[in-house]
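Some notes on the structure that comes next.
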Amino acid sequence: MSDEYVLLSTKDNPFNPHTQWAEWFAWDYPRYDTNGLLARVIITSDELPQNLRDEAYNDAVEEIVTENVSGMHIKVVRPTKVEGD
């Protein structure tokens with residue numbers, strides 16, 4: 001099991017999607033629609049077990065960051081267990 005939790009963002013977004021989701025989303029959506037991009041790239045199904053859906057998510061994030069067509073996308077990583085969780 002991974003000890004990281006990864007979210008997709010852009011390097012110019014001033015908000016952290018882990019801790020400032022609403023602000024992050026409000027800033028991102030009109031500029032990049034990062035969640036929409038992720039939805040177009042990910043290959044998964046609700047019928048798959050959670051571990052395979054997690055793997056598909058991580059693969060899609062990795063593909064977007066590796067290909068990085070816009071030059072803006074980054075991974076924002078945090079430990080799965082943060083003090084206070």
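Data table
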quantity	calculated
Candidates Asp28, Asp59, Asp46, ranked by Gaussian network fluctuation over the chain, Cα under 10 Å, top entry	Asp46
Neighbour cut-off at most 15 other Cβ (10 Å), DSSP loop, trypsin sites (Lys or Arg not before Pro), the range 7-85	Lys11, Arg31, Lys81
Farthest positive-ward along the range 4-79 dipole, Cα basis, beta-carbon charges - from Pro17, Leu38, Tyr5	Pro17
Normalised contact order of the range 1-70, rounded percent, pairs of Cα under 8 Å and 6 or more residues apart	24
Inter-label distance, nm, simple model (7 Å from Cα along the C-beta direction), Val6/Asp33	2.4
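We did not get these values from a lab; they are worked out from the coordinates using the rules stated. All figures in this text were calculated on a predicted structure; none of them were measured in a lab. Note that each Cβ is placed from the backbone with ideal geometry, even for glycine, and that neighbours are counted across all protein chains shown.
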